[in-house]
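Student: I have a structure I would like to understand better, so I am pasting it below and will then ask my questions one at a time.
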Amino acid sequence: DPATRVVLRSDGARLTVEGPAEATLRRVAGLGVRVDGRRDGSTIRAVGFRVREAAGMPAADGTLEVRGDTAVLFTPGGRLRYVPVPAALKARDGARVWIAGQAGREPQAWGVIAP
């Protein structure tokens, strides 16, 4: 909806999001994120972000590569492996996704950020 605004809550403050990452941030509504950008009063011009938390669990995002029954998430900080990988997640090979749960184990939750 074009009338909807993306708003971040941080340390009790509410920041309206503008900028190139705004549309993609809509796809991770409700997740804990780290946003890169420039703050100007109650607005942040977002140029990028990383998913950090989902439903109280640690989460990461990156580019997914499926290798058999293993999902490898390529993040700026390195590679994270998840085993076994659900069939629905296998179908997202090559996409930017977020995965919640402990690396080395089965993903507890996941979602697509960009195909």
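The values are calculated or read from the model by the stated rules, or taken from the named source; none is laboratory data. Since the structure is predicted, the reported quantities are computational estimates derived from the model, not experimental observations. Don't worry about glycine lacking a Cβ; one is built from the backbone with ideal geometry, like all the others, and counts go over all protein chains shown. When the accessible area is computed, the model is the full protein with side chains, heavy atoms only, and any ligands, DNA or RNA have been set aside. Shrake-Rupley method; radii C 1.70, N 1.55, O 1.52, S 1.80 Å.
Student: Quick one: Debye curve from the C-alpha atoms of the chain, no solvent, what's log10 I(q)/I(0) at q = 0.20, 0.24 Å⁻¹?
Tutor: Values returned for q = 0.20, 0.24 Å⁻¹ are -1.02, -1.31.
Student: With a cut-off of 8 Å between alpha carbons and a minimum separation of six or more residues, what is the relative contact order of the chain in percent?
Tutor: Value for the chain: 18 percent.
Student: Of the candidates Ala13, Ala54, Ala71, which one comes out as most mobile in a Gaussian network treatment of the chain with C-alpha springs shorter than 10 Å?
Tutor: Judging by the Gaussian network model, the answer is Ala13.
Student: Ignoring ligands and nucleic acids, what accessible area does Asp69 show with a 1.4 Å probe (Å², nearest 10)?
Tutor: That residue has around 100 Å² of solvent-accessible surface.
Student: Something else now. With 10 Å bins from zero, work out the P(r) of region 1-54 over every alpha carbon pair and list the percent per bin.
Tutor: 25, 63, 12
Student: Follow-up. Quick one: length gained pulling Thr70 to Ala114 fully straight, 0.36 nm per residue minus the C-alpha distance? If you can, show how the numbers build up before the last one.
Tutor: Working: separation 44, 0.36 × 44 = 15.84 nm, distance 2.02 nm.
Between Thr70 and Ala114, full extension yields an extra 13.8 nm.
Student: Moving on to the next point. How many percent of all Cα-Cα pairs in region 62-109 sit more than 19 Å apart?
Tutor: Of the Cα pairs, 7 percent sit more than 19 Å apart.
Student: At Ala13 and Ala103, where each label point lies 7 Å from the Cα along Cα→Cβ, what is the point-to-point distance in nanometres?
Tutor: 3.1
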